[in-house]
Amino acid sequence: MRYLPVHVDTQGGRIVIIGGEGAAEAKLRTLIKTDAQLDVIAPAIGDEIARWAERGIVTHYARDFIETDLDGALLIYAATEDDVENGRIADMARAKGLLANAADYKDACSFITPALVDRSPVTISIGTSGTSPGLARAIKADLETRLPSTLGNLALHINQLRVKVKSIYPDLAARQRFWAAIFGAKDLNAQLRLSEPALTEAVEAALGGGQAAKGGQISLVGAGPGNPDLLTHQARQKLHSADVIIYDRLVSQGVLDFGRREAEYIYVGKEAGGVSTPQEKINSLIVEKAQEGLSVVRLKGGDPLIFGRADEELNAAREAGITVDICPGITSAAAAAAAIGQSLTSRGINKSITYMTGHDAKGFAEQDWARFAAPGARAAIYMGIGASRFIQGRLLMHGAAENTPVTIVENASRPEQIIIATTVGDLPDDLQRGGITGPAVLLLGFTPAEAVTLSNLHEAAS
Ligand code: SAH
């Protein structure tokens, strides 16, 4: 091993960066997270570095480099845009016994900078001894998705618990066995996501002091419109660590695939006879699973807080004294707007956008139709397919023009996505002719950026 990874204490240290453009900026992006004093030596600096200088994060010396800049530096980064100059500066620094890095010039470096996964105080550095930075970045990207953003807080919390553990286990080997038992249990993935109270509980219980049973938890998670790439980072992490995943009809397989194979998957969409699982049954299922001490993910299409009956599930959990965290998702209206390349709000056209449903508990949903029939009104209508004749009738009755545009977006973001540009006058017929069975959003008052009509859609398909 030619390169030894070490974690250098930067507190009270001075790091010197020579250069003010792209190479220097790239190094500084990591260095600004340290506690070091950062001196940037360059006649001119780029906008990002200038912003850091304005905020006092770096100190800029607007001049050429001179040898005495190196004196007393903890680390030197020669990061001008000139490789030869970088090599010269790094050689000079090394001759003085200082640690130096020359950007893109490995042979002149006494140290090279790793790819970093930063969950301070937990930091993971990935090095390939300069052989393959692309591979290091790929490993970093993989670790980034797997390690929760809360890992740093967990480490800080462990640090606090260590005092107590040490008082009970003064012997180092015994202490190491203790922590191995805490983190070596069944699933590291889940362990790394322990909340601070859950970790305290686990430690207390292992120390023999805790009576409380392990508390389960519930996360209400937005699965987005279907394309797994549109899932949030947080949602992926929740899925990774869930013991139980309770999901709806609109959740795609690609999203479910982020769950562990060992997890329990419970479908609560329409049952075989076409009847939905009663909401009360879902509420009690979520609560029961959490009370068994399990980590429950309640996965809902789109955003869980939009037409998702989230209140009922939240209330059931709260009444049972179980805390719920909520992880938002991309709602279908946002995906549908992206699909047609149009802004949901446009200056000069609409100052508001309504997300409305075609159905409510009583049947077809009444709205303030006069408002939506007015010229320029815009709305994203969810669950509007079955209600399309009703919606059309109400809009026309309140004076909407027959030719008011409506765009139908079925299966937004999914491979089978269909876009049909129609009008209020033709809406129900075009839905039928297009064979639209949903899920679809009706964008009232919108025309796709590139016109797609039913006829040219059929031409494209044939
Ligand atoms: N919470 C969801 C909405 C649930 S209601 C969200 O935020 O998107 C169910 C309705 O969502 C469907 O009737 C349909 O109108 C819409 N929907 C869900 N997924 C969709 C998709 N991929 N494309 C278009 N509409 C979708």
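Laboratory data are not the source of any read-out in this text; all were calculated from the coordinates shown. Predicted, not measured: the structure shown is a model, and the values here were computed from it. In this analysis, Cβ positions are derived from the backbone assuming ideal geometry, glycine residues included, and neighbour counts consider all displayed protein chains.
Take the alpha-carbon centre of segment 397-439, take the same for segment 60-77, and report the distance between them in whole Å. What the calculation gives is 65 Å, centre to centre.
Taking the charge dipole of the chain about its Cα centre, with +1 at Lys and Arg Cβ atoms and -1 at Asp and Glu Cβ atoms, the residue from A379, N350, L305 reaching farthest to the positive side is L305.
Once backbone amide H atoms are built at 1.01 Å from N, H359 has A365 as its partners under 5 Å, excluding neighbours fewer than 5 places away on the same chain. Please report how far the C-alpha centroid of segment 20-49 lies from that of segment 303-359, rounded to the nearest whole angstrom. Going from one Cα centre to the other spans 41 Å.
Here the chain is treated with +1 on each Lys and Arg Cβ and -1 on each Asp and Glu Cβ, and its dipole about the Cα centre works out to around 1000 debye.
Going by the alpha-carbon gyration tensor, a ≥ b ≥ c the square roots of its eigenvalues, is the chain rounded (a/c under 1.5) or, if a/c is not under 1.5, prolate (a/b greater than b/c) versus oblate? Oblate.
Residue ranges 46-57, 7-18 sort as 7-18, 46-57 when ordered by packing (mean number of other C-beta atoms within 10 Å per residue, highest first).
Beta bridges assigned by DSSP with both partners in the chain are antiparallel in approximately 40 percent of cases. When +1 charges are put on Lys and Arg Cβ atoms and -1 charges on Asp and Glu Cβ atoms, the dipole computed for segment 151-209 relative to its Cα centre reaches about 160 debye. Estimate the FRET efficiency between Y265 and R389 by the formula 1/(1 + (r/R0)^6), using the beta-carbon distance for r and 45 Å for R0, to the nearest 0.05. Efficiency, from the Cβ-Cβ distance: 0.75.
Cross-link partners among lysines for K96, C-alpha distance below 25 Å, same-chain residues fewer than 8 apart left out? Of all the lysines, those that pass the test against K96 - Cα under 25 Å, at least 8 places apart if same chain - are K27, K106. Each Lys and Arg contributes +1 and each Asp and Glu -1, all at the Cβ; summed about the Cα centre of segment 298-417, the dipole is approximately 320 debye.
Give, in nm to one decimal, the length gained when the segment between N315 and E144 is fully stretched (0.36 nm per residue of separation minus the Cα-Cα distance).
58.2 nm
For the chain, what is the calculated [θ] at 222 nm in deg cm²/dmol (nearest 500), taking -39500 (n - 2.57) for each run of four or more DSSP H residues and dividing by its residue count? One gets -10500 deg cm²/dmol as the mean residue ellipticity at 222 nm.
Here's the list of lysines a cross-link from K289 could span, going by alpha-carbon distance under 19 Å and ignoring same-chain residues fewer than 8 apart: K186, K214, K238, K281, K300. Let a ≥ b ≥ c be the square roots of the eigenvalues of the Cα gyration tensor of segment 217-327; is it rounded (a/c under 1.5), or, if not, prolate (a/b larger than b/c) or oblate? Rounded is the answer for segment 217-327, as its axis ratio a/c remains below 1.5. Three principal axis extents of segment 151-209 based on alpha-carbon atoms, in descending order, are 28, 21, 20 Å.
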